[in-house]
Amino acid sequence: MNIAKETKNMIISALLLTIAVLIQILGKNIPQVNQFFVGPTVNGILLLTVYFAGLKWAALIGFLTPVLAFFAGVLATPMAPFIPFIALGNFIYSATFALLKEKKLGDILGILLGSSLKFLFLYFSATKLIHVLALGIPEPVKAKLAIAMGVPQLITALVGGFVAMALFKMLKSRIKTL
C-alpha cells in the first residue's frame, strides 16, 4: 500500500465531505438553496471523489452524507429509517460510474447509467420497499419521500455528474500531480 497516496486520497475525501456537509447545512438554513442545488452538489462530490480518490472513499462519503445530514438536522427525524437506502443509492451511483469511467465514453455512460440506477433504486425503495419492510415512517412523510426520491433524484444525479466531469477535466489539466 502506498501510504502517501492513501493519505492524499484521505485528505481529498475529507475536504470533499466537508464541502458536501456544508452545502447540506446551507440548503437547510437558506430557503433559496434547495434540493436542486444541494442534490447536484452532493452527487458531483461523489463522482469527484471517484475521480480523485477512488471508489472506497466515494462509498464512505456516500454513506456519511445522509448520516451527517441527519445529525446536523438537515434530514428530518421521521426520515431516519431511509438513511441506509440513501447510502446504498449513493453507492450504486458511485460504483456504476467507477466501473465505466475508464472505458470509451465511459464517464458519460457511467453518469447516465449510474443516475438512472440510483433513481430507480431510490424511487422503488420509497414507493414499494418501505411498505414491505414496515419501517414505521409516517404516511405524510412517505408521500413526501416518494416525491423527493422520484424524478428530482434523476435530475440532480445527472446534473451533478456532468458538472463533476467538467470540473475534473478542468482540474486535471491544471493539477499535474493527479
Selected residue [on the phi < 0 side of the Ramachandran plot, modelled with pLDDT of 95 or more and of a type in the set (Gly, Ala, Ser)] from Ala58, Ala80: Ala58
Of all residues being in contact (Cβ under 8 Å) with a residue 12 or more places away in the chain and among the hydroxyl-bearing types (Ser, Thr, Tyr) in the range 75-96, which is surrounded by the fewest Cβ atoms within 10 Å (Cβ to Cβ)? Just the residue, please. Thr96
Looking only at the range 7-24, count every residue that is closer than 25 Å to Thr77 by Cβ and buried (at least 17 other Cβ atoms within 10 Å of the Cβ) and tell me the total. 5
Criterion violated by Leu99 - all others in (1) buried (at least 18 other Cβ atoms within 10 Å of the Cβ); (2) at pLDDT 95 or above; (3) more than 13 Å from Gly160 (Cβ to Cβ) satisfied: (1)
With respect to Thr7, is the statement that it is of a type in the set (Ser, Thr, Tyr), assigned to a helix (DSSP H, G or I), closer than 27 Å to Lys172 by Cβ and free of Cβ contacts under 8 Å to residues at least 12 places away in the same chain true? yes
Select from the range 138-178 the residues that are closer than 19 Å to Asn90 by Cβ, outside any helix (DSSP H, G or I) and among the aliphatic types (A, V, I, L, M) and list them in ascending order. Met149
Tell me yes or no: at least one residue of the range 105-112 is modelled with pLDDT of 95 or more and either within 12 Å of the chain's Cα centre (by Cα) or closer than 22 Å to Ala148 by Cα (or both). yes
Any chance Lys128 is surrounded by fewer than 17 Cβ atoms within 10 Å (Cβ to Cβ) and either outside any loop (DSSP other than H, G, I, E, B) or under 17 Å from the mean Cα position of the chain (by Cα) (or both): yes
For the range 114-122, check the following and say yes or no: at least one residue is within 19 Å of Gly27 (Cα to Cα) and either modelled with pLDDT under 95 or in a helix (DSSP H, G or I) (or both). no
Within the range 47-74, restricting to residues that are surrounded by fewer than 18 Cβ atoms within 10 Å (Cβ to Cβ) and not in a helix (DSSP H, G or I), the one that is nearest to the chain's Cα centre (by Cα) is Gly54
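The values are calculated or read from the model by the stated rules, or taken from the named source; none is laboratory data. Predicted, not measured: the structure shown is a model, and the values here were computed from it. Positions of Cβ are backbone-derived with ideal geometry, glycine not excepted, and every protein chain shown enters the neighbour counts.
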